[in-house]
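The values are calculated or read from the model by the stated rules, or taken from the named source; none is laboratory data. Here the structure is a predicted model, which is why all the values come from computation and not from measurement. Methodologically, a virtual Cβ is constructed for each residue, glycine included, from the backbone with ideal geometry; neighbour enumeration extends over all protein chains shown. Just the protein is used for accessible areas: all its heavy atoms, side chains included, with ligands, DNA and RNA removed. Shrake-Rupley method; radii C 1.70, N 1.55, O 1.52, S 1.80 Å.
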Amino acid sequence: MKKVILISGILFFSTLLFAQSTFFWIEDVPWDDGKALNIKANVPADTVYLQKALEDGTWETIYTGKGRSLSFTQNELNPDIKYRYRLLVPRPAFNDTIFFMAEAQPKEQWFYLHKLSYLLILLAVSIAIIYYVQNARKGKDYYIRRISGLDCIEDSIGRATEKGKPILFVPGIMDLDDIQTISSLTILSHLAHKAAEYDTEIIVPCRFSMVLSAAREVVKEAYIKAEKPDAYNQDRIFYLTDDQFGYVAGIDGIMVREQPAANFFLGSFYAESLILAETGFSTGAIQTAGTAQASQLPFFVVSCDYTLIGEELFAASAYLSRDPQQLGSLKGHDFGKLLVILLIIAGVITEMSGWHWFKAFFEGAQ
Amino acid sequence: MKYKIPLVFAFVCGILVVISEFIPHRPFNMLITTLQDWFMIISGFAILLGQISLFQANIKKIKEKNKDWPFYLAGLISFTVMLIFGLLWGTQEYRGIFGQGEKIQATVGMKPFDYLFANAFMPLSSTMFSLLAFFIASAAYRAFIIRSFESNLLMITAVIVMLGRTSFGGMLTSWLPEGLKFLHLPNLSDFIMEFPNSAAQRAILISAALGIIGSSLRIILGIERSYLGGEK
């Protein structure tokens, strides 16, 4: 028995000296936010127990399994704390257990390397947009294809004016932290300006209070710009409810009761898209919808007269403003599309040629 | 000044958020969470604004005896009742001013707020959602009317996908020999969903992502200002 204890003791102290390079060691996960450690071991044992030291001095087993080529990643760690781990290796032949110990502190890095491809694409597209905007500032004219969904806005307002009925504008069902809602509000600005010029009433029911206050400000400024501040009616831009289907019920009620001549559904939509669009269709209103939610687009295409598909929603403000700088930025989008097409072609060719590094490089951004 | 301060804020916050997406080191990795927390705090205050707007709009309509004014009254009464019940006896998770309302719970089985939520609000909400089934039918009918070559294609594709997703579709083509198994309706349906459908959806998503980059850049650089209510 004394021999066993002696051998175990010698093994323990020798492993303390050499553990890092031979049997049990810890590596910091590279290029991360300092919340993970890679715990590695290589001991010829079928069953090992990996334990982590807790604050109260006890040990928590976090892995049980084979000890050969063991690699265990522990996440959700704190970069300010040094963590201690031990690897228990039972030796049934000797009726004892030896253990190895190691400690490490996760480190925060200054760059997510797996997002490099993402950064490069972002930089390329951003530089292209800034380049085209600068060119536009210098007076270069760019051709922008016609977007019928946006060209129809004036016709829709004209129709509402002729019929003496209001326009309904729904800025989506998401809050102001969604870029689609912001894009929707930029379109609302143009729409409200036109509505003010035509003396047509505009109704804007909102799902969130933040959207409500932004929409009110946008419409108010549009009426001031159209030199008709007295025509601005704050009561027509109102909060309905935070509840998704309650909001839909409220808008459906408005459509049925007030029979708007033109409906605009622009922003982020989910399951309610078809309920809104079909109710609007049944009232005979001219309907324009726009969203970047690919799954909701078919519903809008079927039920609305015009649909802004994905990118068109974000291009709408630039298109409507006819501001050369903003139109220049749309050319930057086109450069981005060209870049994506080239990358897809390059990806197909490299994959077919067996060079998988290209795909792996871009997959890293996910 | 009215526009300059928000534009400076938009620029600084926009740049910081973009940078923090690529830097895992503190304080950058905490920025997005912090800004989201700030947004939640501002939203919390803004809720009051929404409730005031709701009350003002409805009371005005009731006072003026607008058409269908009883509906607005019903809306206000519902709002007030839920608010009072929530304040007095709380909800399932939180206690109210009068505590947990044990006596009421013994009578109706749950707190008054939760009772109304489960027995009035949820059925109404489900009713709205269930309308979707009927609207899908009417929209599909219009979409599948054969008017052109494209609508013809759409209808054929839709029929294949719908049949392929049912056991009846599988049964219809189960007799096909092994060499023609790719024509088996569930296989055809899977092929349509996996390749042409995914390709089209990804094209839309990629263009939308580019649009988001462009739109964000316009806002960060102050080229796009109409969301502030004013343009250049």
### Query
Do you know which residues across the range A:308-363 are closer than 28 Å to residue A:178 by Cα, open to solvent by 20 Å² or more (accessible area, probe 1.4 Å) and not in a helix (DSSP H, G or I)?
A:309, A:322, A:323
### Message
For the range B:220-231, give me each residue that is facing chain A (nearest Cβ under 7 Å) and in contact (Cβ under 8 Å) with a residue 60 or more places away in the chain.
### Response
B:230
### Query
Which of the residues belonging to the range B:20-58 are buried (at least 16 other Cβ atoms within 10 Å of the Cβ), closer than 30 Å to residue A:116 by Cβ and polar (S, T, N, Q)?
B:20, B:29
### Query
Do you know which residues across the range A:201-258 are over 26 Å from residue A:279 (Cα atoms) and among the hydroxyl-bearing types (Ser, Thr, Tyr)?
A:213, A:223, A:232
### Query
Could you count how many residues in the range B:193-218 are touching a Phe, Trp or Tyr at 6+ places or on another chain (Cβ under 7 Å) and more than 7 Å from chain A (Cβ to nearest Cβ)?
0
### Task
Quickly run through the range A:187-218 and pick out the residues that are at the interface with another protein chain (Cβ under 8 Å from one of its Cβ atoms) and under 21 Å from residue A:231 (Cβ atoms).
A:189, A:190, A:206, A:212, A:213, A:214, A:217, A:218
### Message
I'd like to know if the range B:123-136 contains one or more residues that are touching a helix residue (DSSP H, G or I) at 6+ places or on another chain (Cβ under 6 Å), surrounded by 12 or more Cβ atoms within 10 Å (Cβ to Cβ) and in contact (Cβ under 8 Å) with a residue 12 or more places away in the chain.
### Response
no
## Note on the structure
Flagged pairs (Cβ under 6 angstrom, 6 or more apart or on separate chains; first in the range A:55-66, free of Cβ contacts under 8 Å to residues at least 12 places away in the same chain; second part of a loop (DSSP other than H, G, I, E, B) and among the aliphatic types (A, V, I, L, M)) are A:60/A:54
### Message
Could you tell me how many of the residues in the range A:148-180 are closer than 25 Å to residue B:208 by Cβ, in a helix (DSSP H, G or I) and touching a strand residue (DSSP E or B) at 6+ places or on another chain (Cβ under 9 Å)?
### Response
8
### Query
Can you tell me how many residues in the range B:59-80 are surrounded by 14 or more Cβ atoms within 10 Å (Cβ to Cβ) and not aliphatic (A, V, I, L, M)?
7
### Task
Mind telling me which of the residues A:297, A:313 ends up being at the interface with another protein chain (Cβ under 9 Å from one of its Cβ atoms), under 23 Å from the mean Cα position of the chain (by Cα) and in contact (Cβ under 8 Å) with a residue 60 or more places away in the chain?
A:313
### Message
Scan the range B:147-168 and tell me whether some residue there is within 30 Å of residue A:221 (Cα to Cα), without any contact (Cβ under 8 Å) to a residue 24 or more places away in the chain and exposed (fewer than 14 other Cβ atoms within 10 Å of the Cβ).
### Response
no
### Task
Taking the options A:203, A:182, A:187, A:167, name whichever one is in contact with a Lys or Arg (Cβ under 8 Å, 6 or more places away or on another chain) and buried (at least 19 other Cβ atoms within 10 Å of the Cβ).
A:203
### Residue list for the range A:284-301, filter: surrounded by fewer than 22 Cβ atoms within 10 Å (Cβ to Cβ) and assigned to a helix (DSSP H, G or I)
A:298, A:301
### Message
What's the total number of residues in the range A:218-246 that are more than 13 Å from residue A:171 (Cβ to Cβ) and in a helix (DSSP H, G or I)?
### Response
15
### Query
Only one of (1) open to solvent by less than 40 Å² (accessible area, probe 1.4 Å); (2) modelled with pLDDT under 90 fails for residue B:192. Which number is that?
(2)
### Message
Within the range B:208-232, take every residue that is within 23 Å of the chain's Cα centre (by Cα) and open to solvent by 20 Å² or more (accessible area, probe 1.4 Å) and give me the one that is modelled with the lowest pLDDT.
### Response
B:227
### Message
Checking the condition surrounded by 10 or more Cβ atoms within 10 Å (Cβ to Cβ) and part of a strand (DSSP E or B), which residue from A:94, A:99 passes?
### Response
A:99
### Query
Across the range A:28-80, what is the total count of residues that are open to solvent by less than 60 Å² (accessible area, probe 1.4 Å), in a strand (DSSP E or B) and among the charged types (D, E, K, R)?
4
#### Entry: Condition met for residue A:173 (under 20 Å from the mean Cα position of the chain (by Cα), among the β-branched types (Val, Ile, Thr) and open to solvent by 10 Å² or more (accessible area, probe 1.4 Å))
no
### Task
Run down A:261, A:285, A:226, A:231 and say which single residue is of a type outside the set (Lys, Arg) and either at the interface with chain B (Cβ under 9 Å from one of its Cβ atoms) or in contact with a strand residue (DSSP E or B) (Cβ under 6 Å, 6 or more places away or on another chain) (or both).
A:285
#### Entry: Scan of the range A:254-271 for residues that are part of a helix (DSSP H, G or I) and buried (at least 16 other Cβ atoms within 10 Å of the Cβ), ordered by number
A:254, A:255
### Query
Scanning for something over 24 Å from the mean Cα position of the chain (by Cα), on the phi < 0 side of the Ramachandran plot, surrounded by fewer than 21 Cβ atoms within 10 Å (Cβ to Cβ) and of a type in the set (A, V, I, L, M), does the range A:227-244 turn up at least one residue?
yes
